[in-house]
Amino acid sequence: MKCAELFNIAGQGALVTGAGSGLGLAIAEALAESGARVTLLDVDAGRIAAETGRLEGLGYAVRGAAVDVSDHVALERAFDAAVAAHGRLDVVFANAGIDSGPGFVTGWSGSQRTRNPAGALESYSDERWNRVIDVNLGGVFATLRAAARLMKPQRSGKLIVTTSVAAYQCEPAIGSAYMAAKAGAAHFMRCVALELAAFNITVNAIAPGFFVTNIGGGHAKNPDVQAAMAKLMPMHRVGLPDDIKGLALFLASPASAYLTGQQITIDGGWTLGMAD
Ligand SMILES: NC(=O)c1ccc[n+]([C@@H]2O[C@H](COP(=O)([O-])OP(=O)(O)OC[C@H]3O[C@@H](n4cnc5c(N)ncnc54)[C@H](O)[C@@H]3O)[C@@H](O)[C@H]2O)c1
């Protein structure tokens, strides 16, 4: 294949969960800008309608639907509707995710920390644990299962899961269900990659570090939080949604045809350690 073709996804059918905001929206934009026909799914009906309308206004082939990834029946229907509308399904991003409330300390790595009783293990409610697992792990399961049903017969496909550096590094300022769900999603991704490799379906994960999005009530949009986090980053800045686009396109395109079962960290060097 010529290099010019490696990143060509024009005309392909794509679906992104959690596409109404943040990283999922940036991923959907990257795919649409590259000529794919994109279905945007999100639990937030208002947001998905507004963003889909905005992208349509820019001339992109997009459609949106309000779906909660923890509603597995509705999700299956949304996949069928995506294929009916766009004629094919080549690329799926299992990206939807929620934060898990406070962890057992306040403050981030390197900053002043104090114990936070509200985030202590004995304070963790069943409801909070179950919702984080249902969305961040169960949602990935349901999304990859729905994709496999449609992609196996065509013997091709690209599946990409948004995990987190929290999949392999404990962050005590974040509730521990988040770490458990993301680690589970990362290893589930590897198992599915092994199972689907013979069907020419690749399965990989993007593990973001700290990105400015609406997760956790949008606390990352606070300039003081950004300045404090930027000090911890070897690249001296936090991640912006646009920073995810190149990696998303790489994993969605023929350029990554022989890459499967891999979790790629994108974090400005955060998990390498402290620099200056
Ligand atoms: N922002 C970060 O620093 C960061 C770091 C690591 C991993 N992540 C992961 O990136 C993914 C995207 O998060 P983001 O930071 O862009 O947050 P965000 O809140 O800006 O976007 C997440 C979107 O997912 C949607 N969503 C939430 N629950 C849903 C559900 N049950 N069904 C369907 N849609 C649902 C939300 O409505 C929202 O539009 C998540 O999986 C998150 O865990 C984010």
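Spin-label pair A49-H187: with each label point 7 Å from Cα along the Cα-Cβ axis, the two points sit 4.2 nm from one another.
Rounded to the nearest percent, how much of the accessible area of the chain (1.4 Å probe, protein heavy atoms only) is carbon and sulfur? Working shown, then result.
Values: 7170 of 12360 Å².
C and S fraction of accessible area: 58 percent.
Restricting to bridges with both residues inside segment 95-219, how much of the DSSP beta-bridge set is antiparallel, in percent to the nearest 5? Around 35 percent antiparallel, to the nearest 5. DSSP assigns beta bridges within the chain; of those with both partners inside it, close to 10 percent run antiparallel.
The lysines whose alpha-carbon is closer than 20 Å to the alpha-carbon of K221, local same-chain residues fewer than 8 away aside, are K231, K245. Which aspartates and glutamates, if any, have their Cα less than 16 Å from the Cα of K152, not counting same-chain residues under 8 positions apart? Answer for K152, where 16 Å is the Cα cut-off: E76, D80, D90, E195, listed by chain and number. Label-to-label distance, D242 versus A228, with points set 7 angstrom from Cα along the beta-carbon direction: 2.7 nm. Here the relative contact order of segment 3-265, from alpha carbon pairs under 8 Å that lie six or more residues apart, stands at 21 percent.
Hey, can you list the DSSP H helices of the chain whose Cα span along the axis is 20 Å or longer and whose average Kyte-Doolittle score is at least 0.0?
Values: long enough: 72-86 (21 Å, 0.53); 139-154 (23 Å, 0.29); 176-196 (30 Å, 0.76).
Those that clear 20 Å and a mean of 0.0 are 72-86, 139-154, 176-196.
Against the empirical curve 2.2 N^0.38 Å, the C-alpha radius of gyration of the chain lands at a ratio of 0.98.
Could you calculate the contour length gain from M235 to A4, that is, 0.36 nm times the residue separation minus the distance between their Cα atoms, to one decimal place in nm?
Values: separation 231, 0.36 × 231 = 83.16 nm, distance 3.01 nm.
In short, 80.1 nm is gained.
Per residue, the accessible area of segment 146-233 comes to 39 Å², computed with a 1.4 Å probe over protein heavy atoms only. Using +1 on the beta carbon of Lys and Arg, -1 on that of Asp and Glu, and nothing else charged, what's the dipole of the chain about the Cα centre, debye to 20? Value, rounded to 20: 460 debye. Helical content of the chain, expressed as a calculated mean residue ellipticity at 222 nm, amounts to -12000 deg cm²/dmol (DSSP H runs of 4 or more residues, -39,500 (n - 2.57) each, divided by residue number, nearest 500). Using Cα centres only, tell me the gap between segment 129-193 and segment 84-104 in whole Å. If you average the Cα positions of each part, the centres end up 9 Å apart.
Quote the Stokes-Einstein diffusion coefficient, in whole µm² s⁻¹, for segment 58-148, based on the Kirkwood radius over alpha carbon pairs, a temperature of 37 °C and a viscosity of 0.692 mPa s. Intermediate results must be reported in sequence, preceding the final value.
On the way: Rh = 15.8 Å.
Translational diffusion coefficient: 207 µm²/s.
In a reduced charge model with +1 at each Lys and Arg Cβ and -1 at each Asp and Glu Cβ, segment 82-137 shows a dipole moment near 180 debye about its Cα centre.
The values are calculated or read from the model by the stated rules, or taken from the named source; none is laboratory data. Given the structure is predicted, the values throughout are model-derived calculations rather than measurements. Note that each Cβ is placed from the backbone with ideal geometry, even for glycine, and that neighbours are counted across all protein chains shown. Accessible surface is based on the protein model in full, side chains and every heavy atom, while ligands, DNA and RNA are left aside. Shrake-Rupley method; radii C 1.70, N 1.55, O 1.52, S 1.80 Å.
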